[in-house]
1. For residue 93, only one of the following conditions fails: (1) closer than 23 Å to residue 340 by Cα; (2) loosely packed, with under 13 Cβ neighbours inside 10 Å; (3) touching a residue at least 60 places away in the same chain (Cβ under 8 Å); (4) out of contact with any helix residue (DSSP H, G or I) (no Cβ under 9 Å at 6 or more places or on another chain). What is its number?
2. Tally up the residues in the stretch 2-22 that are free of Cβ contacts under 8 Å to residues at least 12 places away in the same chain, part of a loop (DSSP other than H, G, I, E, B) and more than 25 Å from residue 223 (Cβ to Cβ), please.
3. When the residues of the stretch 127-162 are filtered to those that are more than 23 Å from residue 219 (Cα to Cα) and free of Cβ contacts under 8 Å to residues at least 24 places away in the same chain, which remaining residue is surrounded by the fewest Cβ atoms within 10 Å (Cβ to Cβ)?
4. Given the conditions (1) part of a loop (DSSP other than H, G, I, E, B); (2) in contact with a helix residue (DSSP H, G or I) (Cβ under 8 Å, 6 or more places away or on another chain); (3) not assigned by TED's automatic domain parsing to the domain that holds residue 281, report the number of the one that residue 41 does not fulfil.
5. Taking the stretch 163-181, which residues are assigned to a loop (DSSP other than H, G, I, E, B), surrounded by 13 or more Cβ atoms within 10 Å (Cβ to Cβ) and either free of Cβ contacts under 8 Å to residues at least 12 places away in the same chain or within 22 Å of the chain's Cα centre (by Cα) (or both)?
6. Of these, 278, 328, which one is modelled with pLDDT of 95 or more, within 15 Å of the chain's Cα centre (by Cα) and crowded, with 20+ Cβ neighbours inside 10 Å?
7. How many residues are surrounded by 14 or more Cβ atoms within 10 Å (Cβ to Cβ) and without any contact (Cβ under 8 Å) to a residue 12 or more places away in the chain if we restrict to the stretch 23-54?
């Protein structure tokens, strides 16, 4: 039992949680180190999702702890507007080392949701600066996730995240990339690249003169690790180029190593015009997000910004480039480079792929397994018309066994820390196999 009182538990309206279920039997995390949590009973829990796709370096990383501690004592906060501090410029340059060539102008936010909002606002403003003020519509994708803000749910395509809230931004959606016959594909499927051509139908319907940008995740994480088919992202890039539409990659999950590369753009060989990011930039130790823009977008605002003292872009957040977050980001990204963790994941991905696909025979309830880099999604069939029931039961059984995995919709999602050893992968997969076998 938790030491928290009922009133204390009831006071917190928890995000993306079944509050009623949780508060009947709270799952309280007390501490973390390396690849493991400890709960309030002292049980060791393997972190099978790197926090929330955030802690690839593991927990309690000394170099990040020290950087944050030193920054708190030196400069705890600096005004984000019209004044600066050195670490924001150092971190911006460091981030560009992970980005594709040309995406070298970094705008800081406080989260992935804010990063998406920033990218969409800038896309609209960019076209107005270019004299194309009618380009205001956005195109997202079914099963895409782009944060919790109004703009994010508008371009997002997960029904449960949309239906409660009514009208959002003027946005339309491409079909998802899960083509029939691609179940249990290892890595990228050879089937489905033609689904990108649905963008042509949307352009025909709405006209390119009205469309500001297309936004997709290179790999859809929150919908259950949906991997792009071979050639799909390249085709999106071609269509956007042909019709003068910006292409945005939401890399809040895929940036900084998870795909076995510095970015999803690098992993899949396609360069967008804008990349959103968050999560791994600080290893989850403190909230931070960022957006990388190609230089031409930045230059357009500078060239049409009026007098030098005027604001070229009237946009930003109180916590943009927070000094403590910048210190954490510099330490986190330095660790990724020094330990060569993107390459480690690339080297580990074959072992991971075979391990997760070995689960196929664990249960007839498993209808699909998908993987890329150090991430995997497992789809389970509905129980009595309840798609989310079996994933919930598996996740609770795994928690009882000492493993944290994510359950969302009809999927189980796993993405352990980058520092995970093969023996720990084996333990995670064996435990999942046991849980699936009871379905």
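The values are calculated or read from the model by the stated rules, or taken from the named source; none is laboratory data. Every value quoted in this text rests on a predicted model; they were computed, and no experiment measured them. FYI the Cβ positions are ideal-geometry reconstructions off the backbone, even for glycines, and counts take in every protein chain you see.
1. Here residue 93 meets the rest and fails (3).
2. 2
3. Top of the filtered list is 131.
4. Failing condition for residue 41: (2).
5. 168, 169, 175, 176, 177, 178
6. Checking each option against the conditions leaves just 278.
7. 1
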